[in-house]
Amino acid sequence: MKKQKLILSNFIPYRVSRLDNEISAVFLRMYEPVFKLSVPQWRMLAATHQLQPTTVSGLTQYSAMEKMTVARAITDLERGGLVNRWVDETDRRRTLIKLTGDGEKIYEKISELGLQFEEELLSVLTEEEVKTFNDITSRLVDKIALMRNGSSAIFAQPK
């Protein structure tokens, strides 16, 4: 049997990474000139909105971003007056994070742009294709979570 060669342009991890990079770069051009937020800062603003009150660990787990990137983005958002941090009174080891009023306003404005952007991006797909895409990405996220935890047969194979 002929050994298969990896063709980068067909390699799913590369294609997903490239799609993420391209989408993020184009969407950034929509909000960065007005709101002066980076991609990680926007993602943490949006994730905080979804999870608040939350923690850096909660945001890291939710976003699958590096903890240092998350912490840096939250620090920048706090300096900009978009999030507040405080010590959790029930567990003084935890620091909780929540959007400020200004953070909520900016989240709302950027999320409106995001919905417009998504509508334009997905206009090349049918409703059924969007459902299929969402199903496939959800299944891949679930599978990668199993692989990350070492619960996949691929890690049990001898080398």
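Every read-out reported here was derived from the displayed coordinates using simple, explicitly stated rules and does not represent laboratory data. If you're wondering where the values come from, they're calculated on a predicted model, not measured in any experiment. Backbone-built Cβ (ideal geometry, glycine too); neighbour counts: all protein chains shown.
Just a few scattered comments:
- FRET efficiency for residue 137 and residue 111, using Cβ-Cβ distance with R0 set to 22 Å, rounded to 0.05: 0.65
- Restricting segment 33-126 to trypsin sites (Lys or Arg not before Pro) that sit in a DSSP loop and have at most 11 other Cβ atoms within 10 Å of their own Cβ leaves 36, 92, 93.
- A cut-off under 15 angstrom between Cβ atoms defines the neighbours of residue 61, and their net charge, with Lys, Arg +1 and Asp, Glu -1, is +2.
- Taking GluC sites (Glu not before Pro) across segment 1-107, the ones in a DSSP loop with at most 13 further Cβ atoms lying within 10 angstrom of their Cβ are 66, 89.
- Only helices reaching 30 angstrom along their own axis (Cα) with mean Kyte-Doolittle hydropathy no lower than -1.0 count here, and for the DSSP H runs of the chain these are 12-35, 101-122, 127-148.
- Cross-link pairs 36/67; 5/67; 109/143; 98/131; 2/131; 36/98 - those with Cα-Cα distance over 26 Å: 5/67; 109/143; 98/131; 2/131
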